[in-house]
Amino acid sequence: MNEQKIVSANAPVTHDHIQLACDHRGQGDTLLVFIHGWTCRRAYWASQMEYFSNHYRVMAADLPGHGDSDSGSRTDWRLATFARDIETCVRSVGAERVILIGHSMGGAVALETARRLGKTAIGVVLVDTFAIDYGYLPPEAVQAFDASFAQNFPAAMAYLIEQTSTPATPPALKERLIREMAASDPAWALPVWRELLAWDPRPAFEELQVPIHAINGASVPESAREHCAPFVTEVLIPGAGHFLHMESPAEFNQVLDGVLKKVC
């Protein structure tokens, strides 16, 4: 895809010279960093950015390839590299107290970023991150997940969104997600997907000494909840779909507000 993407001239720049579209506003001693999921974009956090900017500094960036950030000449699509990108954003504003909040793949990036930030990170919030039981996927499941997207990317994306939706997911939201996420360039989206499927959260869980909370909906399987339980404090929103922060922003913001007060 050759779509031109426009970002601010003073946008953070990654180690491989990609300008990141990044929003930063609000006030307070603590910076909330919202990290979107695979093939998503920072705009999916719009309700949270508006709500929490009244009491915190807030930041959301488009990862390389996503939203308004270009993919540049990048060939390294590991989650650890995305974590380096988010660290660049955090360092660019001089934050000293950071809570990382990641949806889906963004939760994996949040955990890896917390490892890089050291004492600057005071907490991590995972938003329906383990809808896939990362670190415990059998090889045949990885192969099936990968093959479906490699064979027909738009159809596989539509199926993924349908499978992770519930009656609580507004039809208009599903249509938007399918349209925008399926339009992602497979040239970078497929390598990211494969890296995500191969990701193992256990090193991050075992290393981090900060509070890790999860806000989950109905998509997270019981096996993943059991694997995360020793490391994560969970809040469940019954019946919510995978994009719970967009389905019912007011309810989600209240839940997240309670979690943040425990971290701070």
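So which residues in region 239-261 are of a type in the set (D, E, K, R), touching a residue at least 40 places away in the same chain (Cβ under 8 Å) and touching a Leu at 6+ places or on another chain (Cβ under 9 Å)? If the condition is that a residue be of a type in the set (D, E, K, R), touching a residue at least 40 places away in the same chain (Cβ under 8 Å) and touching a Leu at 6+ places or on another chain (Cβ under 9 Å), then 247 is the only one that fits.
The sole residue among 112, 87, 96 that is farther than 26 Å from residue 247 by Cβ and assigned to a loop (DSSP other than H, G, I, E, B) is 96. When you look at residue 53, is it in contact with a Gly (Cβ under 6 Å, 6 or more places away or on another chain), surrounded by fewer than 22 Cβ atoms within 10 Å (Cβ to Cβ) and under 20 Å from residue 154 (Cα atoms), yes or no? No: the conditions fail for residue 53. A residue that is surrounded by fewer than 23 Cβ atoms within 10 Å (Cβ to Cβ) and either within 22 Å of residue 259 (Cβ to Cβ) or in contact with a Cys (Cβ under 6 Å, 6 or more places away or on another chain) (or both) occurs nowhere in region 137-149.
For region 63-83, state whether one or more residues are among the polar types (S, T, N, Q), in a loop (DSSP other than H, G, I, E, B) and touching a strand residue (DSSP E or B) at 6+ places or on another chain (Cβ under 9 Å). Checked region 63-83: at least one residue is among the polar types (S, T, N, Q), in a loop (DSSP other than H, G, I, E, B) and touching a strand residue (DSSP E or B) at 6+ places or on another chain (Cβ under 9 Å).
Of all residues in region 15-50, those satisfying the criterion of being among the hydroxyl-bearing types (Ser, Thr, Tyr) and buried (at least 21 other Cβ atoms within 10 Å of the Cβ) are 39, 44. Applying the condition of being touching a residue at least 12 places away in the same chain (Cβ under 8 Å) and of a type in the set (Asp, Glu) to region 175-203 and asking which residue is surrounded by the fewest Cβ atoms within 10 Å (Cβ to Cβ) yields 200.
Here, each number is a calculation from the coordinates, and none is a lab measurement. The shown structure was predicted, so the numbers you read here are calculated from the model rather than taken from an experiment. Cβ sites come from the backbone with ideal geometry, for glycine too, and all protein chains shown count toward neighbours.
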